[in-house]
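Peer 1: Take a look at the following structure, please.
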Amino acid sequence: MTGSQQSGKSTLCKILVNYAIKLGWQPVLVDLDLNSAEISPPGTISAAMVTESAVLPSDNLARNSITYFHGDTQLITNEFFKQQMKELSEAVRIKHENDLAQFMHDYQLDMTSAA
């Protein structure tokens, strides 16, 4: 989500996350704003699976996040930031695949026969 400062981006994200939780989902909240402290301290980018309705920021969310330390609240370089976003995206993808594999194992599901 993008937009100008004080336009309600964080508020809308919080509403959508809490709505998803009420529907029984476990959304992943990603914070790429280096000035934000929604998930982790300023100067970082983070992603966290949200499992319970909460007012953000939350200590529980911070403990369960994947966080990359950027080192400043301003872009050090575009390339460095892009690389961090790429690594964070890959870490979230791997986490998702591992969780799906564990779920399928736990419930003895086989996706090869589903086609």
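The values are calculated or read from the model by the stated rules, or taken from the named source; none is laboratory data. All figures in this text were calculated on a predicted structure; none of them were measured in a lab. Ideal geometry is used to build each Cβ from the backbone, glycine not excepted, and the neighbour counts take in all protein chains shown.
Peer 1: What number goes with the only condition from (1) closer than 26 Å to L100 by Cα; (2) touching a residue at least 12 places away in the same chain (Cβ under 8 Å) that N60 does not pass?
Peer 2: Among (1) closer than 26 Å to L100 by Cα; (2) touching a residue at least 12 places away in the same chain (Cβ under 8 Å), N60 violates only (2).
Peer 1: Taking only pairs six or more apart or across chains, which ones have beta-carbon atoms under 7 Å, a first residue in segment 1-28 that is within 17 Å of L61 (Cβ to Cβ), and a second residue that is of a type in the set (D, E) and surrounded by 12 or more Cβ atoms within 10 Å (Cβ to Cβ)?
Peer 2: S10/E38
Peer 1: Of all residues in segment 5-32, which are hydroxyl-bearing (S, T, Y) and at pLDDT below 90?
Peer 2: The answer is S10, T11.
Peer 1: Among the residues that make up segment 35-44, is at least one of them free of Cβ contacts under 8 Å to residues at least 60 places away in the same chain, under 20 Å from H96 (Cβ atoms) and either in contact with a Ser or Thr (Cβ under 8 Å, 6 or more places away or on another chain) or not acidic (D, E) (or both)? Before the answer, list the steps.
Peer 2: The first filter runs over segment 35-44 and keeps only residues free of Cβ contacts under 8 Å to residues at least 60 places away in the same chain, leaving 35-44.
Those still in the list that are under 20 Å from H96 (Cβ atoms) too: 39-40.
When the remaining residues are screened for being either in contact with a Ser or Thr (Cβ under 8 Å, 6 or more places away or on another chain) or not acidic (D, E) (or both), the result is 39-40.
Checked segment 35-44: at least one residue is free of Cβ contacts under 8 Å to residues at least 60 places away in the same chain, under 20 Å from H96 (Cβ atoms) and either in contact with a Ser or Thr (Cβ under 8 Å, 6 or more places away or on another chain) or not acidic (D, E) (or both).
Peer 1: Restricting attention to segment 49-100, report how many residues are under 16 Å from the mean Cα position of the chain (by Cα), of a type in the set (S, T, Y) and over 13 Å from V28 (Cβ atoms).
Peer 2: The number of residues fulfilling the criteria is 4.
Peer 1: Which of the residues belonging to segment 89-115 are among the β-branched types (V, I, T) and either in contact (Cβ under 8 Å) with a residue 40 or more places away in the chain or in contact with an Asp or Glu (Cβ under 8 Å, 6 or more places away or on another chain) (or both)?
Peer 2: Hit for segment 89-115 is V92, nothing else.
Peer 1: Can you list residue pairs whose Cβ atoms sit under 7 Å apart, with the first residue in segment 71-88 being touching a residue at least 40 places away in the same chain (Cβ under 8 Å) and the second being part of a helix (DSSP H, G or I) and surrounded by 10 or more Cβ atoms within 10 Å (Cβ to Cβ)? Count only pairs 6 or more apart in sequence or on different chains.
Peer 2: From segment 71-88, the pairs are L75/F81.
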